[in-house]
Amino acid sequence: MDHSPAALAALWRARRPSGPPVAHTFRSAYADRWVRFHSLPGSKRYPESEDEYAVALHRYNTVLDELFAGRDVYVVTADWSWTPDGPAVFPVTRPGLRLGGVRWWTESDEDDPDPAFHTHTRFYAKRRSWRHGCVDALLRAVADEALVEVFVTDTGLRRIHHPYDGGADVILATPGERDRLRGRHTDWLSGHPSGM
């Protein structure tokens with residue numbers, strides 16, 4: 001299988017024709033296969049102690065292990081700039097966090113008539129073997145809202161785990177698979193009828 005940036009982009013277009021790999025849109029684009037898990041009890045959004053980080057990491061990793069144990073994954077991160085190839089507007093630097101990856105997609109927003117307000121979100125994919133805890137530094141940055149638009153997916157792009165500050169949106173291959181995963185972690189679901 002070709003794992004070049006062009007091949008990954010072509011696979012995305014073939015498997016995910018509902019839109020670009022913009023993680024915050026997955027919930028609506030794939031609503032029939034979507035479930036949201038909260039990362040802390042009581043739907044608390046941000047961890048404030050090491051104990052709370054441990055709970056959030058446990059929840060993230062439990063679902064990630066169920067989705068990807070024994071498989072290769074792409075860890076997708078993003079940055080954005082005022083120009084397609086310009087420097088990132090908010091570069092992320094944290095001890096122990098190595099983002100890396102190859103740029104495989106640029107999503108440009110040029111709707112504003114003033115070019116000074118055009119933005120370009122660049123997506124980077126890093127292929128790795130999944131193992132429990134292998135992206136904990138990244139997940140901590142997500143929990144702190146230092147990183148956004150992050151997701152982990154199998155190399156066939158069938159299952160997606162999009163962590164965010166407060167939880168994770170998970171897209172499964174089928175509604176039945178979504179229902180089974182949701183049923184295993186009912187204590188982590190929102191009490192709101194919309195699942196939010």
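The values are calculated or read from the model by the stated rules, or taken from the named source; none is laboratory data. What you see is a predicted model; the values in this text were computed from it and never measured. FYI the Cβ positions are ideal-geometry reconstructions off the backbone, even for glycines, and counts take in every protein chain you see. Keep in mind that these areas ignore ligands, DNA and RNA; they rest on the heavy atoms of the full protein, side chains included. Shrake-Rupley method; radii C 1.70, N 1.55, O 1.52, S 1.80 Å.
The table below lists the values:
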| quantity | calculated |
| --- | --- |
| Checking Phe26 against (1) open to solvent by 30 Å² or more (accessible area, probe 1.4 Å); (2) under 17 Å from the mean Cα position of the chain (by Cα), the condition it does not meet | (1) |
| Given (1) open to solvent by 30 Å² or more (accessible area, probe 1.4 Å); (2) under 15 Å from Ala23 (Cα atoms); (3) of a type in the set (A, V, I, L, M, F, W, C); (4) not in a loop (DSSP other than H, G, I, E, B), number of the condition Ala137 does not satisfy | (2) |
| Odd one out for Val152, checked against (1) in a strand (DSSP E or B); (2) over 29 Å from Glu52 (Cβ atoms); (3) among the aliphatic types (A, V, I, L, M) | (2) |
| Residue within the stretch 159-167 that is closer than 17 Å to Ala29 by Cβ and touching a Phe, Trp or Tyr at 6+ places or on another chain (Cβ under 6 Å) present | yes |
| Matching option when the condition is under 22 Å from Leu147 (Cβ atoms) and either free of Cβ contacts under 8 Å to residues at least 60 places away in the same chain or in contact with a His (Cβ under 9 Å, 6 or more places away or on another chain) (or both), among Val35, Val75 | Val35 |
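Every residue, every condition in (1) buried (at least 17 other Cβ atoms within 10 Å of the Cβ); (2) of a type outside the set (Gly, Ala, Ser); (3) within 21 Å of Arg16 (Cβ to Cβ), yes or no:
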| site | (1), (2), (3) |
| --- | --- |
| Glu145 | no, yes, no |
| Val150 | yes, yes, yes |
| Gly156 | no, no, yes |
| Ala173 | no, no, yes |
| His185 | no, yes, no |
| His192 | no, yes, no |
